[in-house]
Structure formats: structure tokens, C-alpha cells
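Below you'll find the structure, written out as C-alpha cells, and then a few comments.
The values are calculated or read from the model by the stated rules, or taken from the named source; none is laboratory data. Note that the structure is a prediction, hence the values are computed from the model and not measured. Please note: Cβ atoms are built from the backbone with ideal geometry, for glycine as well, and neighbour counts cover all protein chains shown.
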């Protein structure tokens with residue numbers, strides 16, 4: 001929507017928009033304050049005092065490290081799988097019109113369009129029907145499934161912007177299919193894949209609903225947090241972990257934004 | 001042109017270069033369907049077998065039943081389990097969930113609209129980027145952390161009670177909490193709390209599609225309406241709202257679907273009354289009643305199916 | 001002598017759409033050949049058949065005597081200048097130009113030298129380090145040309161290469177392309193829907209319609225002696241005369257064409273001429289184009305500047321030499 005340069009927003013609209021944004025951000029900022037509180041038993045506000053000691057306590061908690069390691073491992077593997085499958089699917093859908101193309105798009109979007117609990121319980125009952133024991137791989141199986149769509153969306157948007165005659169030009173100049181992929185296609189979709197990969201990583205790192213069904217006794221970081229929320233053991237440690245999680249997920253999001261901001265469709269709009 | 005002789009070729013058709021990749025490239029060029037098949041096979045197999053396979057296996061189990069005495073699953077086709085869905089206690093759960101999803105959706109749309117409208121129509125350059133990130137960052141922040149933040153805010157000793165106390169409005173909170181249904185001991189164990197957290201967590205999903213829809217409205221359309229003598233309220237009702245509607249519907253697909261399936265928010269912030277997600281979770285877990293759990297999951301699928309079908313007829317998918 | 005490009009009964013059908021239908025065509029080595037026609041006439045498909053982006057449904061295509069069906073584009077010594085130029089946005093100008101040599105495995109120093117030389121040839125010396133996004137439309141077009149020419153193709157294909165340029169630039173580029181083609185001696189095949197462009201640049205022109213070639217000939221042939229009503233209509237301003245009119249004036253019951261400049265217009269009545277009404281006058285600078293109504297038949301005449309002009313609505317007398325009437329072979 002274009003607007004005149006001299007037109008400015010009505011004051012009521014400005015207030016409503018600003019209030020909305022504050023509503024979105026104040027809770028996240030509170031997390032940062034609580035990470036420093038000296039209060040151990042309750043969620044008392046204002047904090048009776050500030051301290052950094054809980055960072056040290058958290059640092060020395062092996063269960064937090066184990067959960068973090070598992071989360072990182074699952075996110076890395078799921079992202080890799082999602083990048084490969086999402087890119088293949090996007091390339092196939094963009095390069096030719098074939099029967100069932102719409103169905104493929106729907107199939108990719110379905111795992112994220114249906115509530116996560118459905119994906120979770122389906123996978124869990126399938127594992128138990130087939131006697132598959134829970135492992136890192138059962139978690140990865142679920143995560144990769146809903147991460148594909150993030151990579152797919154980014155890659156499809158970029159393929160759409162990449163002119164088809166560029167690939168023909170490469171063939172025309174003597175490059176075969178693999179040379180064209182390496183020298184023309186990959187450099188042109190590279191940043192989109194990177195952005196999609198980062199979003200997929202953030203999505204997997206943060207996922208809890210599907211994971212509760214596919215993890216068994218294992219703890220990813222979100223599962224660890226969920227446990228702490230339901231049955232609190234040491235609240236200040238939870239506060240610190242919450243703050244770290246916010247910081248860790250923000251970085252890939254910012255990176256993905258800067259990688260794709262020149263495009264017509266920016267990464268992440270379709271979480 | 002002083003190019004060396006190595007570059008110039010006298011032949012119009014160059015010889016095959018040899019090598020496996022080149023041969024493969026020739027094969028793909030001659031048969032593009034082969035390449036398409038090879039590209040599609042891995043993702044379609046993954047999604048088709050892993051995802052759809054388990055989904056169908058689950059749906060199949062909703063036609064089984066559980067033996068009340070042994071607790072074992074009886075693998076015979078029956079509609080008995082679906083009959084159990086209609087028990088008053090289960091109907092309560094479904095109605096409660098759908099009403100919550102609908103209220104959350106309406107509230108999100110109301111809160112989201114000014115933000116999306118401002119971002120689409122008035123924000124430029126730096127402000128535009130700021131608005132965008134201002135929506136994206138909460139969207140992608142950890143879901144659990146967001147829920148946790150609200151546990152801190154809504155707790156009896158938390159910041160909200162403190163702020164109301166400073167404003168001498170504690171009586172208002174007490175009055176609200178004493179209401180039936182929406183009230184409770186404190187906000188963090190009431191439906192009101194559940195509702196606020198749902199709105200908070202899904203709000204970005206509503207803002208982005210509305211903004212996308214509004215970006216496509218030419219600004220002069222609004223000026224034209226004002227020129228023709230429409231009041232701001234008339235312009236909103238007759239021009240802006242219909243044009244933003246596909247975006248609102250697209251956003252509502254997210255808010256509705258996500259609320260239908262969520263079981264963590266009501267578990268952490270809410271009273272002990274179940275939503276569909278919690279019912280499914282406890283049925284498949286502690287109760288071990290997979291058939292009834294499966295039948296329960298069919299409810300959001302059917303509701304979303306109807307919803308998507310209606311949304312599609314109203315052109316919402318163009319705004320995704 | 002073997003043809004540069006030869007089509008024998010070549011068809012390319014997309015389902016029920018016959019984009020190219022049983023086309024025969026021979027293009028001589030070193031020729032500047034234009035394919036002219038409205039959009040959807042099959043000219044671009046012919047170009048893509050030569051480049052190898054399309055495969056013929058039936059028929060035989062040879063390039064310098066070698067059969068080309070089943071040969072992928074990357075093994076054809078034929079290069080294309082694309083309509084949208086299709087420059088690689090992530091490579092600078094020099095790497096764009098050197099791309100063809102790079103994928104053929106030619107060493108870096110040698111290919112960059114060749115690319116520099118070719119950039120100089122298209123009058124863009126020293127532009128190598130720029131990115132395509134920093135160039136004007138005309139410059140991009142030159143880069144696209146250099147990127148194709150550096151491979152020393154046996155045939156250069158140009159797909160509406162001037163379509164995106166403004167008028168002035170287009171006229172300059174027309175001359176330049178023509179000079180370049182003559183100096184290199186490479187066969188140029190050029191697709192356009194602009195008859196002025198085709199006539200002014202090409203040695204020979206093929207006029208396409210509906211997947212068929214309607215006429216092949218020199219620009220002079222096409223202009224002066226259109227073989228059919230379509231060609232007369234599409235190529236220019238020829239008057240198309242219906243059989244009844246032709247029979248009256250040359251004795252044969254055939255469709256014919258008559259150039260506007262062959263019609264003489266007299267302001268006084270003359271029993272030897274044909275009476276006509278002036279419908280409109282169109283001042284064109286060097287001449288004035290007059291629309292005439294002859295008993296319901298619309299004719300155009302061209303009067304050079306300096307001669308007396310009739311007025312709109314005036315009744316005049318027109319005449320022409322019988323031998324100026326060109327009977328069309330292409331019409332039954």
C-alpha cells in the first residue's frame with residue numbers, strides 16, 4: 001500500500017499499534033529481569049534484589065548441558081534433512097508443471113497446518129505399532145517432517161525470482177546439468193537455503209509439542225523447561241535457561257532476515 | 001577477435017565430454033521426467049510414508065475400541081469409540097476448546113489489525129524494518145519461554161498484581177476473578193489467563209497475513225473513499241475491512257488451528273478443566289486409550305478441514 | 001555448399017497446439033537471417049529448436065550438416081542472446097562473459113583475456129568488474145552479446161534482442177549488429193516482431209504465421225512482392241486488392257498488392273482514372289499518407305513532400321501503372 005509522504009497516522013492508530021507491539025515485547029523483556037532476581041521460591045515482582053550467581057549455578061548443571069546438547073544435535077540433523085528434502089521438492093515444483101503439483105505443496109504444508117499434537121500422536125502410535133524404540137532418531141523423524149516446509153517456502157520463493165532463462169543461458173553456453181547446478185543454481189538459491197536452514201534450526205530447537213511424543217525419556221531443552229514449568233525444582237535456573245534460549249533463537253532469526261531482506265518474500269513469514 | 005585456437009571449434013556439434021556426470025546430465029536432458037521423479041521421490045517418500053502413513057494408522061485406530069476390563073485394544077472395526085466422543089463430558093471438552101479457539105481468533109484479529117495497518121500504510125524505510133522484526137522476533141521466540149513469561153506476569157505475586165495495586169485497581173481484578181467461568185483463584189489458574197496467553201502467543205501469526213493483505217491495497221483507494229465523502233468508519237467498514245478480510249481469514253487459520261491442538265498452555269496456565277489437546281495427551285499416555293485419543297484428534301482435523309474449505313472459497317490462500 | 005541451419009519438415013507440437021508445423025528452411029553460412037512474425041507464430045520456437053531448448057516432434061534439423069536432434073544445448077556450437085539477456089546476477093561482467101569458456105575447462109588467464117577482448121569488441125572495454133545490476137539496458141545487451149560471441153559460435157541466435165531498448169538506442173544497435181555480423185562472418189539468426197527491424201538488418205527474412213513460413217526472401221522481395229495477404233498486411237503498408245478489383249484493372253481474378261507510392265493522386269476529374277474520396281491525411285515529414293475510399297475499398301497513397309495535397313473530403317482521381325499491381329502467389 002502506497003501512501004502520501006505528508007499523510008501521517010491518526011493518533012488513535014499510533015497508540016493502538018504501539019500498545020500492540022509493547023504487548024508483544026514486554027513479556028520477553030521480563031525474562032531478562034527475572035534471570036537476575038535473588039528470589040528463589042516465588043515469582044515476586046519487583047525482584048527483592050539482583051544477582052548474577054544463578055548463571056554460575058546453571059553453568060554447573062549437567063542436566064541442562066545434556067538437554068542442550070541433545071537439542072543442538074536434533075536441530076542440526078533435522079535441518080540437514082529438511083534442507084535436502086525441501087530443496088528437492090521446491091526445485092521439482094518450480095521447474096515444471098506436472099500433474100499433482102498442488103497436492104505436493106499441500107503435502108509439504110500439512111505437517112505444520114495440522115495441530116502439532118496430531119503429528120506427535122500419529123508418530124508415537126506408529127512407533128509403538130512397529131516396535132521402534134525411542135532414540136534421537138525418533139525425535140529427528142518428527143522434527144525433519146515439519147521443518148521441510150520452512151526450507152521449501154524459502155526455496156520456492158527464490159526459485160520464483162530466479163529467471164528460467166538463466167538456466168537455459170547456462171546450458172546454451174556449454175554447461176551441463178551439474179555444472180549449471182554448481183555455478184548458477186546453487187549461488188542463486190544459496191542464501192535462501194541458508195535462511196531456510198536457520199529458520200528450520202530455530203523451529204526444531206524450540207519445538208516441544210511433537211517432541212513430547214517422540215522423545216520417550218530423553219530430554220531436549222524445551223522438554224527440560226516443560227518439566228520445570230510443571231514440576232519446578234529450582235526456579236532461578238529456569239529463569240536463566242529461558243533467557244539463554246531467547247538469545248539463542250534470536251540470532252538465527254536475525255541472520256535469516258538479513259539474508260533474505262532484499263527479496264519479495266522475507267524468510268519466516270510462514271512459520 | 002584475438003582468441004586462441006583452443007577456444008574456437010570448427011564443429012557445430014561438440015563431442016561428448018565423457019565422465020559419469022556428463023552422461024547422467026545427457027540422460028536427464030533427454031528424459032526430464034526421470035530427473036523430476038528423482039527429485040520428488042525422497043521428499044514424497046518421507047512425507048508420504050513417515051507422515052501420512054502414521055496419520056492414517058492413527059485414524060485407523062479410531063475405529064478400534066478398548067476393552068473395558070482388560071484395557072487391551074480390540075482390533076475390530078467399530079464406531080463405538082466415536083460414540084464415546086458424544087458423552088457429555090467429552091462434548092464439554094470439545095465445545096470449550098472450539099469456543100476458546102473462536103474467542104482467541106477474534107481477539108487476535110482486533111489486536112493485530114492496528115499493528116498490521118500501521119505497518120502496511122504508514123511505516124516506511126527503517127520503521128518498516130523495525131515493525132517487521134518487531135513482529136518476527138516474538139513469533140520466533142521460544143514458545144515455552146513465552147508461556148513461562150506469562151506465568152511470571154500472571155502469578156499472584158507477579159507484576160500484574162503489583163501494577164494494579166500501584167494504580168489502586170486491585171478491586172477490579174478481584175471483581176473479575178470472582179466471576180463464574182472466566183474467574184478463579186488467580187489469573188494464572190483461570191480461563192482468562194489461558195485466553196490472554198493464547199492471544200499473546202498466536203498474535204504474530206495474525207499480524208503477518210493481515211499486513212500482507214493490506215500491502216496489496218492501493219493507498220489511493222482509501223483516499224478515493226474519503227474523497228467521495230465517506231467517514232473514516234464508513235471507509236473502514238466498506239473498503240478497508242473487505243480488502244483485509246482474506247488476510248484476517250488466513251491469520252485465523254493459524255490462530256484457530258494452533259489453539260485447537262495446544263495442550264501445554266492450558267496445562268501451565270489454566271484451571272484443571274481439559275481442552276482437546278490435554279484430553280488426547282492424557283488418553284494416549286496415562287489412560288492408554290489410543291482409540292479414543294485417535295477419535296479425539298479427528299475433531300480438530302474435521303473442524304480445520306471445514307474451516308480451510310470455507311477460507312479457500314473466500315480467497316484467503318492468496319494472502320498466505 | 002552446406003547450409004548453416006537446415007530444417008526438413010520440422011514440427012513442434014505442444015499437445016494440440018502446432019507451434020511449428022512442417023517447416024522447411026535453409027539458412028546460408030554467414031547470412032544475417034531474420035524470423036519475423038506476430039507473437040505465437042512459431043518463430044521463437046524455431047529459434048529454440050536450433051538452440052536445443054526444444055526437440056522437434058518430427059522432422060530433421062541439421063547445423064552445418066550435422067544432425068542436431070537429441071543433442072543437448074550444451075553440446076551445440078550455437079549461442080543465444082536472450083530477450084531478457086539472462087545475465088548471471090551473481091557474477092561480474094567479466095565472469096559472465098568468460099562463463100562459456102570456464103565450463104569448457106579453459107584456464108583462467110586465457111579465458112579472462114578472451115573475455116576482455118570480446119568486451120572491447122562490443123565497445124564495453126574496462127566494464128569487466130561491474131555487476132550486471134549496475135548496467136543500463138543497452139550495456140546489458142552488449143554483455144549478453146559478448147558472452148555469446150566469446151565462444152565463437154557457428155551460429156548466433158538473437159531472440160528479440162532490441163525489444164527492451166528505446167528507439168534511439170535501437171537504431172544505433174541495429175547498425176552496430178549489422179557491422180559486427182559482417183566483420184565476424186558468423187551466421188546470425190534473429191527473431192523479431194518488428195518488420196522495420198527485420199527489413200533493415202537482415203539479408204533474408206522468413207515471415208511466420210500460425211507455425212508456418214508464409215514467405216522467405218530478401219527484404220526487397222518481401223516488401224515489394226508479398227506472397228500473400230498476411231505478408232502484405234504484416235510487413236507493411238501495402239494496399240491489398242481484392243480479386244474483383246484486380247480483375248477490373250489487370251484482367252485476372254486474383255488477390256494482389258499495390259505499394260502506396262505507386263498510386264498517383266490528381267485533384268482534377270479525369271475519365272482515365274478512378275474516382276476516390278479523401279478520408280484522411282497523415283503528415284509523415286518526408287511524405288504525406290492519404291487514406292482514400294474507392295467505392296467502399298480503403299486504399300492508401302503516399303505523396304512526397306512538395307507536391308500539392310488534396311483536402312479531406314475532396315473527390316480526387318487516382319491512377320497507377322498496371323505492372324505495379326503485384327499478383328500474390330500465396331493466395332488461391
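Checking the condition crowded, with 19+ Cβ neighbours inside 10 Å and closer than 29 Å to residue A:15 by Cβ, which residue from B:97, B:105, B:81 passes? Walk me through it before giving the result.
On the way: B:97 fails: closer than 29 Å to residue A:15 by Cβ; B:81 fails: closer than 29 Å to residue A:15 by Cβ.
Going through B:97, B:105, B:81 in turn, just one is crowded, with 19+ Cβ neighbours inside 10 Å and closer than 29 Å to residue A:15 by Cβ: B:105.
Take the stretch B:33-47 and flag every residue that is surrounded by fewer than 15 Cβ atoms within 10 Å (Cβ to Cβ) and either more than 7 Å from chain A (Cβ to nearest Cβ) or not in a helix (DSSP H, G or I) (or both).
Hits for the stretch B:33-47 are B:33, B:34, B:37, B:38, B:41, B:45.
Residues of the stretch B:276-320 that are outside any helix (DSSP H, G or I) and either under 18 Å from residue B:253 (Cβ atoms) or at pLDDT below 80 (or both): B:285, B:286, B:287, B:288, B:314, B:315, B:320.
Could you look through the stretch B:154-169, keep only residues that are in contact with a helix residue (DSSP H, G or I) (Cβ under 6 Å, 6 or more places away or on another chain) and in a helix (DSSP H, G or I), and pick out the one that is nearest to the other protein chains (Cβ to nearest Cβ)? Only one residue fits best here, namely B:159. A residue that is under 26 Å from the mean Cα position of the chain (by Cα), more than 8 Å from every other protein chain (Cβ to nearest Cβ) and at pLDDT 80 or above cannot be found anywhere in the stretch A:39-52. So, of the residues in the stretch A:12-41 that are over 14 Å from residue A:237 (Cβ atoms) and in contact (Cβ under 8 Å) with a residue 12 or more places away in the chain, which turns out to be surrounded by the most Cβ atoms within 10 Å (Cβ to Cβ)? Checking each candidate, the answer is A:28.
The condition of being in contact with a helix residue (DSSP H, G or I) (Cβ under 7 Å, 6 or more places away or on another chain), more than 10 Å from every other protein chain (Cβ to nearest Cβ) and under 20 Å from residue A:229 (Cα atoms) holds for only one of B:198, B:191, that being B:198. Flag: residue B:204 does not match the condition of being assigned to a helix (DSSP H, G or I) and free of Cβ contacts under 8 Å to residues at least 24 places away in the same chain.
Filtered by the rule that a residue be under 16 Å from the mean Cα position of the chain (by Cα) and surrounded by 19 or more Cβ atoms within 10 Å (Cβ to Cβ), the stretch C:228-239 gives C:230, C:231, C:232, C:234, C:235.
Taking the criterion of being surrounded by fewer than 19 Cβ atoms within 10 Å (Cβ to Cβ), facing chain B (nearest Cβ under 8 Å) and modelled with pLDDT under 80, the only residue of the stretch A:249-265 that qualifies is A:261. Filtered by the rule that a residue be within 7 Å of chain A (Cβ to nearest Cβ), more than 21 Å from the chain's Cα centre (by Cα) and modelled with pLDDT under 85, the stretch B:105-142 gives B:120, B:121, B:122.
At least 3 residues being surrounded by 23 or more Cβ atoms within 10 Å (Cβ to Cβ) and in contact with a strand residue (DSSP E or B) (Cβ under 8 Å, 6 or more places away or on another chain) is the threshold, and among the helices (runs of 4 or more DSSP H) wholly inside the stretch C:38-148 those reaching it are C:43-51.
Among the residues of the stretch B:208-223, those that are part of a helix (DSSP H, G or I) and more than 7 Å from chain A (Cβ to nearest Cβ) comprise B:209, B:210, B:211, B:212, B:213, B:220, B:221, B:222, B:223. Between A:128, A:122, A:204, the distinction of being assigned to a helix (DSSP H, G or I) and more than 10 Å from chain B (Cβ to nearest Cβ) belongs to A:204 only.
From the list B:12, B:57, pick out the single residue that is under 27 Å from residue A:181 (Cβ atoms) and free of Cβ contacts under 8 Å to residues at least 40 places away in the same chain. Quick ask: steps written out before the conclusion?
Numbers: B:57 fails: under 27 Å from residue A:181 (Cβ atoms).
The conditions single out B:12.
Counting residues in the stretch B:109-124 that are closer than 23 Å to residue B:181 by Cβ, surrounded by 15 or more Cβ atoms within 10 Å (Cβ to Cβ) and touching a residue at least 40 places away in the same chain (Cβ under 8 Å) gives one or more. Among the criteria (1) at pLDDT below 90; (2) within 11 Å of another protein chain (Cβ to nearest Cβ); (3) part of a helix (DSSP H, G or I), the one residue A:169 does not fulfil is (1).
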